[in-house]
Amino acid sequence: MAEKKRRMKEETQQRQGGSGKNRKLLQSKTLTVEKKKGKKKHNSRNEGKAGRRKTGPRLPSALKHELDSRNSNQRTSDEEVDNDVYEYEESMPEEESKKNRRFDPVDKLEYELPDEFEDENLPSEDDDDDYEDNDSGERSKGRDNSNQLDDEVEDDDDRRHARMLQGITGIPSEAFEDKKRKRNAVLSEAHPESEYNPSRGAIDGDGNISVEDLLEGIQGKSGYSKVRKRVHRVDRKSMSVLAPLPKVDRERLERKAVYEQSKKEITKWEPLVKKHREAPTLFFNEDIDIGFSTVGAIASEFEPKTDFEKKIASLVQDAKVMEAHNNDGSRLLELNKISVEDVKDRQKRLAKMRSLLFRHEMKAKHVKKIKSKMYHRLMKKDRLKAASARMEMDPEAAKEQAMKQEFKRAEERMTLKHKNSSKWAKRILKRGLPSQDEGTRAAISDQLHQHALLTRKMNSAKDSSSSEGSSDEEDEDDNELLLSSDQDRASKFLTKVKEKTLELMEDAEQPKSGVLSMPFMVNADKKRKDAAYRDAELALRECESMVEQLDDTTEAENPKIGTSSGRRVFGAARNDTQALSNKKSNNIRDNNDSEDDLEANANIDDGQDNVSLLRKDVQIDPGSLYEDSGVSLQPVSKSFDDIIKDPGPKTTFEVSIFASDSWRKMKKGEKVDGKNDNSSAVVEPGLPRQELKEVDEDTDTDSEEEMVDGILSSGAKPSYELPSQADLIHRAFAGDNVEEDFEKDKLEILNEENPELEKPVLVPGWGQWTHIQQKKGLPPWMLEEHENGKKKREEALKKRKDARLKHVIISEKIDKKAEKLHTKTLPYPYTSREVFEQSIRMPIGPEFNPATSVGALNRPEVVKKPGVIIRPIKFEEVNPYEKAEEHKKSGRAPKTKSSKSRGEKATKMQLKKKS
Amino acid sequence: MHLGITVIAGDVASEIFGIVETEEGSVKAIFREMDFSEGDFIFFFLVGDVASEIFGEPQSFFLCLPLSFTETYPKAAVTNMKVKVISRSADEFTRERSQDLQRVFHNYDPNLRTQEKAVEYVRALNAAKLDKIFARPFVGAMDGHIDAISCMAKNPNHLKGIFSGSMDGDIRLWDIASRRMVCQFPGHQGAVRGLTVSTDGRILVSCGMDCTVRLWNVPAASGIESDNQYDDPAKPLAVYVWKNAFWAVDHQWEGDLFATAGAQVDIWDRNRSQPVNSFEWGKDTVLSVRFNPGEPNVLATSASDRSITLYDLRMSSPARKLIMRTKTNSIAWNPMEPMNFTAANEDCNCYSYDARKLDEAKCVHKDHVSAVMDIDYSPTGREFVTGSYDRTVRIFQYNGGHSREIYHTKRMQRVFCVKFSNDATYVISGSDDTNLRLWKSKASEQLGVLLPRERKKQEYHEAVKNRYKHLPEVKRIVRHRHLPKPIYKAAALRRTITDAENRKEERRRAHSAPGSRPTEPLRKKRIIQEVE
């Protein structure tokens, strides 16, 4: 940069100096020519330009005139004098004007019009230069224009002059022109043509003295051609020299250059920065010297501070000892001297201690050997007393004791040590207790007693197990039921059911307190119980009938009856219940349904008819049927089993099986909680209508199709007529009113998503004693609230997307729990959903990844150590190709890290070598 | 499908399947009375004599048999089964010390762990909550100055030392670890406006309104046992009086030069009483100056004519000037990215620029509600701290539009200077209330030595939190900050104002010929001109 700057400066200097010289030279030439021409009228094309060029101080025009006139007289003789005079004119102003060109040449063009000047000027190179350095085409164009203008004006002048002459003299203008031309050509020359005396052509041509003109002088001499060639070359490659710029501009340019340069310098960091940015992790904890690293280093830093340490240090650091260490072990021994008294003292002390110990030992042995029970009892008593006393005295001991006790208890609970689990106890039990002697029995009972004592607290806490036990019993009973033969099981089951129902009917106890004891609750309870009672009665009756039936039926009949599915036969059973319970359910197709079922029952024995019937039967919408059954069956099932405990579907199933008399199904039905599908799993090989049954008991979705088939097949049998298409369709979809179903579904969904408001109820407790609620009705705010809620709901329903769409349900249910797992918009750096999902797909925890990869997966973006100074970036060469590979590998971090650091080191080394 | 894992050893094995015949690589065994169903896999872990009986080697094996022979069940004779044997050497499993953890082997099959995402989400949530619980950023305050703190300097070579200069001309050196003053440097007559320390940490340079530049000897790290050459740290090494008051000073990274800013930018050599170079571009006061730590010969200044100017000392010339709509109070170069710097502007924002493309800011960091007074980059180059006139300190990501963290206390007044500590762990702020405050750069970071397992755990928490940071719940918890009421309100007000402006602009655009009002991003909007 600096170099460039210097060059620039030089250039400007050169330009200044060189151009100045040039100009001087040329100017002098022009002046000579001018002087020769004198006051001649001229039509030089370059007048304007020349005029413009004349700047700076000049001779006053009067003086000039005089000079010219004198020159015309002694044109040839004294050039030197003229030159002297002109020297003044040209040099000073030129220098000055060129030195600091503050003004644009254009301005000058405007300021100094060429008309003022009559004298002629030859075009100089400088002019061209100036224009070139300005480099603006416009200006040069303007110049040309002005030249042309000047020319025209001159031409006009000439013509006018000629015309005037013609008018005066009557001689044609050509004569004058000729004369003028001639006059132009007139030149009296005393000297021969040479470089010192410009040739005629040079003067009356364009007025320029070219190098060629000067060269003519040496034509023919040796080396002429060489010179000429060189001149040609120079001409071709003519360099323009710039003028210096104003300081502001110069500085601006300089700054620009500086900025460009510094930009370039800074750009060298780019690959390195890019590498850092792209790296998944930046490491700042490399190459740290924490200081002490070995034990030796730490130890060497140790300085004794306390007296003791100093004493030790003085001993250890003793010059003699050190020397001995360094030299030999023998010297050490010499230094290691102990006085006789010291040794004796020590020995005495040791002997005393030993004897004391011995005595104590002997005493302990003696005590241990004492066999007197009395003694031991007393000792024990003493010990206990002491312990109790201590317990009373200080709470710490008491606590300890309690802890001990608790620990013992816990231990007992854990190990069950005293519950006949020991080898000894087991052996005795194996042999039989009665055969043992009294002592052993006592020991065993004692042990059990101890166990009871230790675990007493535990048992007292557990009091709710009785009910569980009973339930267990029940289960066992059930199991027994399963195991016994079918008939037995059936009867047993039935009797059991009967018992249960009766029991339930009997023990309708009233709660004594709490909310349940309140009158309205009691009423409700009563109602419910009544219903349950009725159902139970029903069930009982049914049960009895079953038992009878069971007795009647033979083994051969059994499977046939079993073929009828649970659901259908169940329908028959329900029929009865409905008759009794005055049709609680409001299903439309109840009658239809029950008729079919009745028919089915009636025709249960004949085969072929049954098929069609069954098929017809299928026409009933299975969903509704099922619902139906669910509603009406619930009480029955409740009566069968524990009302509260048993889940709905299971009991339903049980009942259905029960009603259909197929005892085979019992096993399966109890094992699996599923619904109707299960019954199809039972294999009954001898059955003629197995397939049908399976179809019948298929899932809800399938059954519709089947139903259509059924209709078609049944309709096809009688005398066949081609029905119309509409009729066909109508018939085909006769049974199912899809639209209605759909509407119902939609309503349900609407209700679910915008739940209907509950009617305001009386506020319990409020003004009860004055019956104010009954008198005045509900408080107005409540009603208002209700109204508002209703309105809101209406609006919400209207706002729904599917409000206008009759055949569409657009669910607007938002799963709040799921919503918190979704982002509302795509997070910033990600460009597509897939990428984002991909980024959180794989888990990163240590449970889900091997230990080798967990570190890399969890590594933070910046790894640094607190307490380590981080230095600014240092320049290093980065190979972009190498980096790409490294980046790929970055998943496996520890390896790459080391390799990277190694790479860095390598580059550093290279740098060093370079430097 | 069930997965049964059976450990069979010794007698039990022979009880379960009677081994009929053993060949090399093939097993013939009869299964007895085992309840299998189709599609089951049984894993046999054979230990001891059974294994040796089958394979002829006294080792333990692990084999997996697909149970596709239910047809022949229950008495299935298995012949010629291919057995895959995993053999593990004992040295891999022996612990070196009793404290070592037992090696645990996991089956990383994702089918076995279907809840992993849910588990990690909950962990992320918990990590975010824990972060909030443990967020205690304020470490302590250092009081002692009797006037507002105007500038600070950290010792590049020593972690614990920090220098602070106050408006009354007092300079103090603090020990961060003990949060106590180490020594004082009296001498300035007017406010101290600039402090800087040479890279080797030996010389402190201060300048101020009294038109002097003072060089001080920094006492050695150990405190008492300093070199006896300069026996008194209270006396400056040199005092250079100059023509104009100074506003800022900064030392070159690894060089002898330092630059002062005032009426013009002067470059000084430490050993000369006169500046070696001075630059003047425009007549306005230069307010701040910062050397580029990566490129030690490049420096940037900001001046009161709202300009930011770059200089290059290699060519001893200014390079480029950028004029913004509002004044820039301070500049910080990114120490890890030598082309980037961030300017703390008077209009509450910080602007990150690339020194090569000044026509547009790379990032606008918004969040402060009053002028940003000072800025300093973390040595990691990934974040920077700003102190503002709104009495808060904020930490930004180098490429984040909004702050990561905000620190404030009830008693902290206008913050005039902030610094990141050299290990990027702490942040120090100096404010109008004459106190220096020490903060953690990560509010919930655990200080002190971490065990490797602790560190791993925290890394995992961090990673998980980072992974799920976009989900609303985690985001809410992570972003939530308690703000002082005035700041909260000011922020709301600012938001309203900018919203209104945007709306207006939008409407104007809508009502004018398309293309006649081009949208100008905020990154460009605040730049008036780039002067060559």
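Laboratory data are not the source of any read-out in this text; all were calculated from the coordinates shown. Computed from a predicted structure; not experimentally measured. Counting neighbours? That spans all protein chains shown, and the Cβs are built from the backbone with ideal geometry, glycine included.
Averaged over the residues of B:389-402, the number of partner chain Cβ atoms lying within 10 Å of the residue Cβ comes to 0. Residues of segment A:850-882 with amide nitrogen under 17 Å from the 7 Å Cα-to-Cβ point of B:K457? Only A:855 pass the distance filter.
Sorting the segments A:823-830, B:466-473 by their mean number of nearby beta carbons within 10 angstrom, highest to lowest, gives B:466-473, A:823-830.
Sorting B:V119, A:V241 by the number of Cβ atoms found within 10 Å of their own Cβ, with the fewest placed first, yields B:V119, A:V241. Simple point charges give the picture: +1 on the Cβ of Lys and Arg, -1 on the Cβ of Asp and Glu, and for segment B:224-355 a dipole about the Cα centre of about 620 debye.
Rg over Rh for segment B:319-404 works out to 0.93, using Cα positions for both radii and the Kirkwood form for Rh.
Kirkwood analysis of the Cα pair distances in segment A:333-464 returns a hydrodynamic radius of 20.8 Å.
Close amide H contacts of B:L287 (hydrogens built in the peptide plane, cut-off under 5 Å, sequence separation of 5 or more or a different chain): B:S302, B:A303, B:S304. Between the C-alpha center of segment A:823-845 and that of segment A:804-822 there is a gap of 23 Å. Taken residue by residue and averaged, Cβ atoms of other chains lying within 10 Å of the Cβ of B:352-363 number 1. Counted by Cβ distance under 14 Å from A:K417, the other residues give a net charge of +3, where Lys and Arg count +1 and Asp and Glu count -1. Computed across segment B:278-372, the Kirkwood hydrodynamic radius from all distinct Cα-Cα pairs reaches 13.2 Å. In this Cβ point-charge picture (+1 for Lys and Arg, -1 for Asp and Glu), segment A:760-829 has a dipole of about 280 debye about its Cα centre.
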